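This report refers to the structure that appears directly beneath it.
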Protein chains: 2
Amino acid sequence: MISVGEARELVLALAPAPTAETVPLQHAAGRALLEPAIARLTQPPFDSAAMDGYALRSADVDVPLKIVGESAAGHPWHGEAAPGTAIRIFTGAPVPAGFDRVVMQEHVTRDGDVLTVMDAAGGPHIRARGGDFAEGDVVLRPGRRINAADIGLLAAMNVAHISVARRPDVAVLASGDELVRPGQTLREGQIVSSNDLAIAAQVAEAGGMPRILPIARDTEDSLRERFAEAAGADLIVTIGGASVGDHDLVGKVAFELGMQRSFYRIAMRPGKPLMAGRIGDSAMIGLPGNPVSAMVCAILFMQPLIRRMQGLDASEKLLRARLACDLPPEGNRQHYLRAVLEDGRDLPLIRPFGEQDSARLTLMSRADALLVRPADDPARKAEEIVQFVPLPR
Amino acid sequence: MISVGEARELVLALAPAPTAETVPLQHAAGRALLEPAIARLTQPPFDSAAMDGYALRSADVDVPLKIVGESAAGHPWHGEAAPGTAIRIFTGAPVPAGFDRVVMQEHVTRDGDVLTVMDAAGGPHIRARGGDFAEGDVVLRPGRRINAADIGLLAAMNVAHISVARRPDVAVLASGDELVRPGQTLREGQIVSSNDLAIAAQVAEAGGMPRILPIARDTEDSLRERFAEAAGADLIVTIGGASVGDHDLVGKVAFELGMQRSFYRIAMRPGKPLMAGRIGDSAMIGLPGNPVSAMVCAILFMQPLIRRMQGLDASEKLLRARLACDLPPEGNRQHYLRAVLEDGRDLPLIRPFGEQDSARLTLMSRADALLVRPADDPARKAEEIVQFVPLPR
C-alpha cells in the first residue's frame, strides 16, 4: 500500500499535456485558459470622465465658464478646449485634450450656457488612458478557469475567441452482473447502477466530458468489449471489480490488454482498492465499487487528474475547522470522514457522522465536507483544529 | 434611496413561483429539485455483507464449519443456513436468513471446504435491509441544487427522471451608441460591449438560460424593438442607460411600455443607479452601465432573483475574514470593495485593492471577494473581523 500523497502524484503523472481548441467568448465560462490572453486595445482608450458633470481646465474653477459643447459615450466632442470654456460630459465619454478635470454636476450651477463651479474639492475624476490595460499587455495567464468577470474582461480587451483546453473525454464504465439502469422493476439480487451516473457528474464538475458506457457484465468478454468502446478516451474510469475478492475481473482484463499499473492499493479509508495506470493511449483509474468509496476516490484522484489534463491547478485544497466532538485514535490508513459543517466562533465547526458506512449514499448526499484524519492520528478533543476537503453544494 | 436589504427584498418579491419540468437523471446536475424525491425501493434491499469474508451463525464461531456455498453480488445463494455451516460471501452480496454474522476473510483459515474462525472480534459486518432508505421515504426535499452525490443517491433510489425547476429565460440587453461586439476594429469613441457577455455568464452561473439580445442604440425606437424581442422572458436585464445623466432612455422607454418600478436607486457603492420592477409578464432589473457596478449588482440582486425563481435559497451568504489593513470611515452608502483573500492564522485575511475604480475590469477579475462595509461604518483597524461576499473562482 502507498500513501494518499504518493498515489496523488502517480495519478497526476498520468496526465498528458492539454490540447487546445478555440471557442467564442460566450462559450468560454468554466473553461481552462491555455494561452496568455493579450489585450487588443487600450482601456480606457482615451482619457474619460469618471462621472457625469462638466469638463474644464483646473485653472478656470474660480471663474464663470462658457459651455461650448457636450461629450457623451459614443458621441465625442471635437472642439477645442479653450480657456474659459467647459463642456457637459457624461460618464465614460472622452475628455478633450486641454481639459484636465471633471467637476460633478452636483457641484456646479448652470444658467443657460454659463457654468459656475460651487465646490472645487476632489477630483480630477478622469480615468487615464490605459488605466485598466494597454494594447499588447498579457492580462490573463494560462492555467485559469474562466469566470464571468474574466469573460467581461476578455470582451473589453476586444478578444472574441480564445484558446482553451479541450475538455478531456472520459469514459465511465461500471461493471457487475447485479447492476441495472434506474427506472426498472428489480429482480431479486439486482441493484440499480448509481455509481456511473454519480461519477459522470463528478467528471463534468471537474471540466471533463463524461461518456457513460453500457454496464459491463462479470465476464472477460463483456469487459473486453467495453474497453474497446472506451478506446481513444483521455481517461477510462472503471468502477467496481477492483476489490480483493475472487471477482476481480477488471484488473485481469486490463492487464491482458496491456495496462501499465502505477499502483493498486492506497492506505486510505474509504477506498483502499484503487487502481491507476495507463492502457493504450488512455490514462485509467479503477475506482472501488462501493458507492461512497468511489465518490471519495473520484474527488481525491480523478477530479485532480481531469483538472491537470486541462492545465489547471490540481493541488489539494484543504480548509480548517474546529472539531465539534471528540474523536478516537485512527488506524494505519488515512481516513476521510463524511461530516457536516456548522457555524463556529471563528472557524466553522466540523461534525463527522457517527455512522460512516461507506455504502450509505444518504450520508454522502448530506455531507458538507470530508474530514481528513492522517494515518495513526492520535485521539482528538472537541475544539481542536483539523483539516477538511469541502464538498460541492 | 433605499437600503441594500430593502432592495433585495423588493427584487426577490418579483420572482414568480417556479415551474416544473422533468429531466432524465443524467441531465439533473446543477438543477433545482422541485418535488420531494421518494425512494422507489429499499436500500440495501436485503441484509448484505459489509466486506469480503464468510457468513455464518454467531453461535458457531468456535467450531470448524463446513463451507456449503457462495453468495456474490448478483449471484445470491439459495441454500439453507444450517448450524455448523458457512458460506463464502462478497461485499454487497445477500446474507442468507439464519446467518447473522460475516467474518473478515483475513480472520479465518480455510482448508478445502472446512473453515476455522481465528479472530471472532468485531462485526457483525452486515448492512441491515433499509439501512440507507426504505421504499416510500422522502429522501431529498425540494429547494436543493442537485449535485453529483444526489445523482448517485437518486439512481440508487431507482428514480430515473425527476421534476426540477425550469431554468429561467433571461434576456440580457446592453444599450449604447458607443458599443460594438468584440473582435472588430474600433473607431474613435467606440467601446467593446463586455457587460452583456459577463452578465450572461452570471445568469448561467445562477442556473438561468441567458439570451443575449442585439445591442440597442440610444434611440427610443431601438429600445422598443429590443423590449419586443425580450417579451416572454422570465427576467429582462438591461445594462446601462440607467444613470442620472441626460441619456437615460431605458427608464423612459420601459415606463412608457408599462413598467411598474419597485425602486430606482439604492444606497450602495458601486451601483447606485439600479432599477427593478415588472414589465408585462417579466421581472426586470436595470443594471448600471459601469462594468464593475453591473457585475456587483448582478451578484447582489440578479443572481438571488434567478435562484429564487428556481425555488432555491436566495439569502445572502456572508463569510468572515480579518482585515489585512486599516480602513478609513465610510460614507452614507453600503460599500462593496473588491478584495483578495490571503491565508490567515484562523480566519482568512482580506485585503481590499487600494484602487476601487469601478471601471477597472482587471480588478474585478483578480478579486476573490467583495468586502462589505455598512453605510457610516467607522474607521477599522487591521485584524478586525469583517464580512465578505465570496466571488466565484
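Cut-off 18 Å, label point 7 angstrom out along Cα-to-Cβ of A:ALA231: give me the residues of the range A:261-291 whose amide nitrogen falls inside.
Residues A:278-284 fall inside that zone.
Near the axis that takes chain B to chain A, which B residue has its beta carbon closest, and at how many Å?
Taking the axis that maps B onto A, the answer comes out as B:ASP346, 2.
For A:THR91, A:THR238, B:THR19, what's the fewest-to-most ordering of other Cβ within 10 Å of each Cβ?
Neighbour counts put them in this order, fewest first: B:THR19, A:THR91, A:THR238.
HN-Hα J couplings of the range B:231-240 from phi, Karplus 6.51/-1.76/1.60, θ = phi - 60°, integer Hz, Gly and Pro as x?
Here the 3J(HN,Hα) series is 3, x, 5, 5, 9, 10, 10, 9, 10, x Hz.
Quick one: Karplus J couplings for the range B:301-311, per residue in order, coefficients 6.51, -1.76, 1.60, θ = phi - 60°, nearest Hz, x for Gly and Pro?
The phi angles translate into 10, 5, 5, x, 4, 5, 5, 4, 4, 9, x Hz.
Could you pull out every residue, at least 5 positions away or on a different chain, whose amide H is within less than 5 Å of the one on B:ASP248? Hs are placed 1.01 Å off N in the peptide plane, and Pro or chain starts have none.
It is none; the list stays empty.
Placing the label point 7 Å from Cα along the Cα-to-Cβ direction, what are the distances from B:THR116 to the equivalent spots in the other copies, shortest first, in nm to one decimal?
11.2
Hey, got the average number of other protein chain Cβ atoms within 10 angstrom for residues in B:201-207?
That works out to 4 on average.
When a/c reaches 1.5 or more, the comparison of a/b and b/c decides; with that in mind, is the range B:164-260 rounded, prolate or oblate per its Cα gyration tensor?
oblate
Can you give the mean number of other chain Cβ atoms that lie within 10 Å of the Cβ atoms in peptide A:22-30?
That average works out to 4.
Compute the convex hull volume of the Cα atoms of the range B:1-145, divide it by the residue count, and report the result per residue in Å³ as a whole number.
Taking only Cα atoms, the range B:1-145 has a hull volume of 177 Å³ per residue.
Name the long-range amide H neighbours of B:ARG181: under 5 Å, sequence gap of 5 or more, or other chain; modelled H, no Pro or chain starts.
For B:ARG181, the qualifying residues are B:SER193.
For A:LEU391, what residues show an amide H to amide H distance below 5 Å, using hydrogens built from the backbone and excluding near sequence neighbours?
The answer is A:ALA369, A:LEU370.
With just the Cα atoms of the range B:48-127, tell me how far they stretch along each of the three principal axes, in Å, largest first.
29, 23, 21
What residue among B:GLY189, B:GLY331, B:GLY240 shows peak mean-square fluctuation when chain B is described by a Gaussian network model with Cα springs under 10 Å?
B:GLY189
Taking A:ILE385 in one copy and the same position in all the others, each labelled 7 Å out along Cα→Cβ, what are the pairwise distances from the first, in nm, shortest first?
Distances to the matching label points in the other copies: 1.5 nm.
What area, in nm² and to one decimal, does the C-alpha convex hull of chain B cast on average over all directions?
Result: a mean projected hull area of 27.1 nm².
Under 15 Å from a point 7 Å along the Cα-to-Cβ line of A:VAL68: which residues of the range A:103-141 have their amide N that close?
The answer is A:113-115.
Roughly how many whole Å is it from the C-alpha centroid of the range A:88-141 to that of the range B:18-85?
If you average the Cα positions of each part, the centres end up 71 Å apart.
For B:GLU220 and B:GLU35, what is the calculated FRET efficiency with R₀ set at 51 Å and r taken between the beta-carbons, to the nearest 0.05?
Taking R0 as 51 Å, the efficiency between B:GLU220 and B:GLU35 is 0.70.
Report for the range A:25-121 the percent antiparallel among DSSP-assigned beta bridges with both residues inside it, nearest 5.
75
Taking each residue of A:66-78 in turn, how many C-beta atoms of other protein chains fall within 10 Å of its C-beta, and what is the average?
Taking the mean over all residues of the peptide, I get 3.
Fewest first, what order do B:VAL23, A:VAL103 take by the number of other Cβ atoms within 10 Å?
B:VAL23, A:VAL103
Rounded to the nearest 0.05, what FRET efficiency do A:ILE2 and B:GLU355 have when you use their Cβ-Cβ distance and R0 = 51 Å?
With a Förster radius of 51 Å, E is 0.60.
For the range A:146-191, take the convex hull of the Cα atoms, compute a quarter of its surface area, and give me that in nm², please.
If I average the Cα hull's projected area over directions, I get 6.1 nm².
With θ set to phi - 60°, apply the Karplus curve 6.51 cos²θ - 1.76 cosθ + 1.60 along the range B:142-159 and write out the HN-Hα couplings as whole Hz, x wherever there is a Gly or Pro.
x, x, 10, 7, 6, 10, 4, 5, 5, 4, x, 5, 4, 4, 4, 7, 6, 9
7 Å along Cα→Cβ for the label point: how many nanometres lie between A:LEU257 and each equivalent label in the other copies, listed shortest first?
Here the equivalent label points are 5.5 nm apart from this one.
If R0 is 60 Å, what FRET efficiency do you get for A:ASN332 and A:THR22 from their C-beta distance, rounded to 0.05?
With a Förster radius of 60 Å, E is 0.75.
Determine which lysines satisfy two conditions relative to B:LYS317: a Cα distance under 26 Å, and not lying fewer than 8 residues away in the same chain.
Hits, sequence-local ones excluded: A:LYS317, B:LYS272, B:LYS381.
Can you show me the helix-derived [θ] at 222 nm for chain A, built from DSSP H runs with n ≥ 4 at -39,500 (n - 2.57) apiece and divided by the number of residues, rounded to the nearest 500.
Estimated from H runs of four or more residues: -5000 deg cm²/dmol.
In terms of Cα to Cα distance under 17 Å, which aspartates and glutamates are near enough to B:LYS66, apart from those fewer than 8 places away along the same chain?
In chain and number order, the partners are B:GLU80, B:ASP100, B:ASP111, B:ASP113.
At a 10 Å Cβ-Cβ cut-off, how would you order A:SER163, A:SER282, fewest neighbours first?
Result, fewest neighbours first: A:SER163, A:SER282.
Of the residues B:MET295, B:MET104, B:MET268, which exhibits the maximal mean-square fluctuation in a Gaussian network model of chain B defined by a 10 Å Cα contact cut-off?
Highest fluctuation among the options: B:MET104.
Bear in mind these aren't lab numbers, they're just calculated from the coordinates by the rules spelled out. Just so it is clear, the structure is predicted and the values come from calculations on it, not from any experiment. FYI the Cβ positions are ideal-geometry reconstructions off the backbone, even for glycines, and counts take in every protein chain you see.
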